[in-house]
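All remarks here apply to the structure that follows.
The values are calculated or read from the model by the stated rules, or taken from the named source; none is laboratory data. In this text, all values refer to a predicted model and were calculated from it rather than measured experimentally. Glycine also receives a Cβ, built like all others from the backbone with ideal geometry; neighbour counts cover every protein chain displayed. Areas reflect the complete protein model, heavy atoms only, side chains present, ligands, DNA and RNA absent. Shrake-Rupley method; radii C 1.70, N 1.55, O 1.52, S 1.80 Å.
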Amino acid sequence: MWNRVKGLFAKPRQDQQGEQFVLLNTYGTVLPSPPRTFPHQTLAERDMRDPELVEHLRGFVGYVASRGNKEMTTTRYHLMRHIERVRYQVSMQVPAGSLDAFAAWAVQANAVVFVPDGSVRDPWHRVLIDANGVTDGTAQIPYPRDAVERQSRTETELERERIHVARSLSPVVGVDEVRLRDAAEVAGRVRALLVVSTFAESVRDNDPIPMERMREVLPGAFDHLTPVESAFLADPSDAQAVVNQLGWRYESLALLAWALGIKPELPFPSSICDVANLARTLLDAATSGDLDRSRLRADGEILDALDFHYRLHWAIREADLGHRPSLDNVVPGVVVERHYALNWLVRFEDAAWDDVDTPT
């Protein structure tokens, strides 16, 4: 694959005045792609409508992971995350004298650059990682401005709660990068979670609800079940760990209800949600049609919640490891479930519900 990537680059050429051209393969994460007003010659470009780009980006992640001794450094990890958010690729030749103008565009595009020597560089051409796995300590992974500002607001908000998080944690995805799941898919997930959580609770109480009754009340929910959920509903015996886990899904359900505007507020996670009220509200919304008519909150509002719970989840894990004081005013299970649902909402790693990860 990377021979093909390098094959995009011919030898650097010179124009009739002898000016040297630099060959750049750029990977931008924000849409729309900003206009390229600097001198350049486009060699090739494609976006996510090209199915080959998806496979290409997987190969790019593998390339970054395989450089040098393969140690998972902070820069390597966040570069891999950046590549997963790429929305388009542009190969171009740029006059050496126009690299500052190119850098200004690359900042707007939130792009990293692959060059013929096998290195990946930031917009200012500093080496994020070279073919041997070496990094320039001054290089910076680019992030959209709103994502950086969101991180700062979250840190301030957590400081007010006397919760201190590492400044080295990266920003989450920005508004111009995110691809939220659509409201209809979220509504389907809400229906499925309502069935699964309610049934798990009834099993835990040794009074399982008959499946026929579940189908009568929420018939559309069963079309949205995941493989894990379907297997649990088919045979809940000898699965206490699964019962406990799926019982916590009420907190994911509450998050999605908030994202759809059905639940008006998302309070600080110092207590579990009001399960009875949540179930009643969502059942009413499902049977009245309000659930299907609901719309997602603004992207920025959802990303604010993601950034907050991502950093708070980090603090919980650090406390569990004994690296930080315990968080007495936070219910860890609530944070974990909210983070899980938010990562699914923003298509983190494009994972299906059963496979969502919540790394910090």
Alpha-carbon Rg with Dmax, taken over the stretch 154-308, Å:
17.2, 51
The chain: most fluctuating residue of R46, R338, R189 per GNM, C-alpha cutoff 10 Å:
R46
Would you work out the charge dipole size for the stretch 174-217 about its Cα centre, treating the Cβ of every Lys and Arg as +1 and the Cβ of every Asp and Glu as -1, and quote it to the nearest 20 debye?
80 debye
With Kirkwood's inverse mean 1/r over C-alpha pairs for Rh, give me the Rg to Rh ratio of the stretch 46-87, two decimals please.
1.03
As a Kirkwood estimate from alpha-carbon pairs, the stretch 87-156 has a hydrodynamic radius in angstrom of 13.4 Å
Convex hull volume per residue in cubic angstrom - Cα atoms of the stretch 20-129
94 Å³
Solvent-accessible ranking of E155, E265, largest area first, probe 1.4 Å:
E265, E155
In units of 2.2 N^0.38 Å, the Cα radius of gyration of the stretch 242-320 is 1.21
So how do H313, H125 rank on accessible area, 1.4 Å probe, biggest first, that is with the largest at the start?
H125, H313
As computed over the stretch 163-205, the Cα convex hull volume per residue (Å³):
138 Å³
Using only the heavy atoms of the protein chains and a 1.4 Å probe, how would T360, T287 rank by accessible area, largest first?
T287, T360
Over the stretch 64-196, equivalent-ellipsoid semi-axes from the Cα gyration tensor in Å
32, 20, 17
Using unit Cβ charges (K, R positive; D, E negative) and no other charged atoms, how large, in debye to the nearest 20, is the dipole of the stretch 206-311 about its Cα centre?
140 debye
Provide Rg and Dmax in Å for the chain, with only Cα atoms included in the calculation.
23.6, 84
Counting helices only, and only those DSSP H runs with n ≥ 4, report the 222 nm mean residue ellipticity of the chain as the sum of -39,500 (n - 2.57) divided by its residues, in deg cm²/dmol to the nearest 500.
-14500 deg cm²/dmol
Quick one: net charge around D304, please, counting Lys, Arg +1 and Asp, Glu -1 for every other residue with C-beta under 11 Å from its C-beta.
-3
Percentage, to the nearest whole number, of Cα pairs in the stretch 179-254 over 16 Å apart:
46 percent
In whole Hz, with x marking every Gly and Pro, tabulate ³J(HN,Hα) for the stretch 346-358 from phi via Karplus 6.51 cos²θ - 1.76 cosθ + 1.60, θ = phi - 60°.
8, 6, 4, 6, 6, 7, 6, 3, 5, 10, 4, 10, 10
Rg/Rg_globular for the stretch 225-360, with Rg_globular taken as 2.2 N^0.38 Å and Rg from C-alpha atoms
1.10
Let's test this: bin the Cα-Cα distances of the stretch 308-360 at 10 Å from zero up to the farthest pair and state each bin's percent.
26, 49, 22, 3
Which helices count as membrane-span-like in the chain under these terms: full DSSP H, at least 27 Å along the axis by C-alpha, Kyte-Doolittle mean of -1.0 or more?
183-204, 299-320
If packing is taken as the average count of other Cβ atoms within 10 Å, what order do 114-120, 213-219, 291-297 fall into, highest mean first?
114-120, 291-297, 213-219
One finds the C-alpha centres of the stretch 295-334 and the stretch 82-116 to be spaced, in Å, by 33 Å
What size of dipole, in debye to the nearest 20, comes out for the chain about its Cα centre when the only charges are +1 on Lys and Arg C-beta atoms and -1 on Asp and Glu C-beta atoms?
1000 debye
